[in-house]
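The values are calculated or read from the model by the stated rules, or taken from the named source; none is laboratory data. Not measured: the values here are computed from a predicted model. Glycine gets a Cβ as well: all are built from the backbone with ideal geometry, and neighbour counts include every protein chain shown. We work out accessible area using only protein heavy atoms, side chains counted, and drop any ligands, DNA or RNA first. Shrake-Rupley method; radii C 1.70, N 1.55, O 1.52, S 1.80 Å.
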Amino acid sequence: MNESRFVILGGGMVAGYAAKQLVELGLKPGELAILSADTSIPYERPPLSKGFLAGKDTEESIRINPEDFYRKHGIEVKLGCEISGVSSKHKRLSLKSGGEFGFNKLIVATGARPRTLDTPVAKLRGLYYLRSLDDSKSIRSSAENVKRAVVIGGGFIGMEVAAVLAQKSIEVTMILSDDRIWKRFFSPQMSSFFEAYYEKRGVRFIKKATLRELRGNGTVSSAVLADGQAIACEMVVAGIGVLPVTEMLTNSGIDVGDGVLVNEYLESSRPDVYAAGDVANYQDVLFEKRRRVEHWDNAVSQGQYCAQALMGERTPFKHVPYFFSDIFDLSYEYWGDSSGADQIIHRDDFTGKSFSVWWLREKRVVAAFTMNRPDEEREVAPKWIESKQSVSGARLQETSRSISAAVE
């Protein structure tokens, strides 16, 4: 039986950044193995719906570490390696190809898989989901030969893919289940701004709509909504959320519930087993609630944190949730958790491309959005959220003043 002191189950961003951190902390050759179901060494995920999808980034440029990094540091990387089961008691992983792989300490970083459409003829060619490098390659290749596309979903994946396709002169229709774009995160004013921005660039919205079926003879030719409206298209990209990958943990002794349940140290219910990234349902010590985060920054931070934990450090994982996005010629950032906010402050109007939004609960900052704002606003956003800074909403709204004047 093959074995390693440290094993990372999953070859995504957690693996790439944990490996890099472990090397910096003194990892010895032969001490780490990465078992990945993917076909490529760890790569950055954000470019898959941005620069790589647009053809601006290369496969080489989005790798977290150079290909020879793993060989140079004696890190075993097993690609196309699927796991059928985990024994936390005996510290063994069962390989679908046969045999077992032993570990002393394990990081479960299996990530998430896209939710799929539950509609008739959902296996037509021309239907895509975006999660992996291969998915992005397929969408990019198909986009070269289509004139009309439907994007289902109004979250960050849907928004980014729609923007890239529209810039390729493809006629894009976005189907939203809600009455406005990204209702979960955006205020009504923000949704209105982005919808207008997209519409000026040729993207059409159909709101409060449900997909009934896809039609086509082998390849998709139209998307039919619940009201019977048919939208002609040669490509459909569905961005309707993801599900954590935990099937191999059945009967493992590891507690699972919307991901792997871990504490504030990212430790699972079993000794020497951690979880990180999209699959980790962790105790957030800042917001005092459980959460599972599906964004780049979380995978990076938790991968680095777990590397330190494997090497003996034990402090609570304390991190302000964060994500960023690039759409058309706009870039924005978001920190925190706006759920439960009782006040929303919009700093500057929506006539240009520069504004920020601040969510307060009992006068304390719990979330912030910035787009093309002064560095001061970007810098204080995560600091205020972490320190639970009390601010004056009225002064915060006054853009003629420095944002620091809002502090109470």
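Going through (1) touching a residue at least 60 places away in the same chain (Cβ under 8 Å); (2) open to solvent by less than 20 Å² (accessible area, probe 1.4 Å); (3) closer than 23 Å to I181 by Cβ; (4) not hydroxyl-bearing (S, T, Y) one by one, A209 falls short only on (1). Considering region 1-81, there are no qualifying strands (runs of 3 or more DSSP E) wholly inside with 3 or more residues that are under 25 Å from the mean Cα position of the chain (by Cα) and farther than 30 Å from F156 by Cβ. Which members of region 330-360 meet the condition of being more than 17 Å from V380 (Cβ to Cβ) and of a type in the set (K, R)? If the condition is that a residue be more than 17 Å from V380 (Cβ to Cβ) and of a type in the set (K, R), then K353 is the only one that fits.
In region 237-255, the qualifying residues are those that are of a type in the set (A, V, I, L, M) and more than 20 Å from the chain's Cα centre (by Cα), and the one that is farthest from K137 (Cα to Cα) is I254. Can we say R314 is within 21 Å of the chain's Cα centre (by Cα) and basic (K, R)? Judged against the criteria, R314 is not a match. Taking the criterion of being more than 15 Å from A149 (Cβ to Cβ) and surrounded by 15 or more Cβ atoms within 10 Å (Cβ to Cβ), the residues of region 216-227 that qualify are V224, L225. What's the number of the only condition in (1) in contact (Cβ under 8 Å) with a residue 60 or more places away in the chain; (2) within 27 Å of A163 (Cα to Cα) that G228 fails to meet? Unmet for G228, out of (1) in contact (Cβ under 8 Å) with a residue 60 or more places away in the chain; (2) within 27 Å of A163 (Cα to Cα): (1). When S40 is tested against (1) closer than 30 Å to V161 by Cα; (2) open to solvent by 40 Å² or more (accessible area, probe 1.4 Å); (3) touching a residue at least 24 places away in the same chain (Cβ under 8 Å), exactly one condition is not met: (2). The condition of being in contact with a helix residue (DSSP H, G or I) (Cβ under 9 Å, 6 or more places away or on another chain) and hydroxyl-bearing (S, T, Y) holds for only one of S97, S136, S141, that being S136.
Look at (1) outside any helix (DSSP H, G or I); (2) open to solvent by less than 10 Å² (accessible area, probe 1.4 Å) and you find that D258 fails only one, number (2). Among all positions in region 185-201, there is no residue which is at positive phi, open to solvent by less than 80 Å² (accessible area, probe 1.4 Å), modelled with pLDDT of 95 or more and not charged (D, E, K, R).
The set of residues in region 99-119 being in a loop (DSSP other than H, G, I, E, B), open to solvent by 70 Å² or more (accessible area, probe 1.4 Å) and in contact with a Leu (Cβ under 8 Å, 6 or more places away or on another chain) consists of R115 alone. Residues that are farther than 24 Å from R184 by Cβ, outside any strand (DSSP E or B) and of a type outside the set (D, E, K, R) within region 390-399 comprise S392, A394, T399, listed in sequence order.
Just one of the numbered conditions (1) of a type in the set (D, E); (2) modelled with pLDDT of 95 or more; (3) on the phi > 0 side of the Ramachandran plot is not true of D348: (2). Within region 306-334, which residues are of a type outside the set (G, A, S) and assigned to a strand (DSSP E or B)? Of everything in region 306-334, those that are of a type outside the set (G, A, S) and assigned to a strand (DSSP E or B) turn out to be Y322, F323, F324, D326, I327, L330, Y332, E333, Y334. Any residue at all in region 17-36 that's closer than 13 Å to L133 by Cβ, of a type in the set (S, T, Y) and surrounded by fewer than 20 Cβ atoms within 10 Å (Cβ to Cβ)? Looking through region 17-36, none of the residues is closer than 13 Å to L133 by Cβ, of a type in the set (S, T, Y) and surrounded by fewer than 20 Cβ atoms within 10 Å (Cβ to Cβ).
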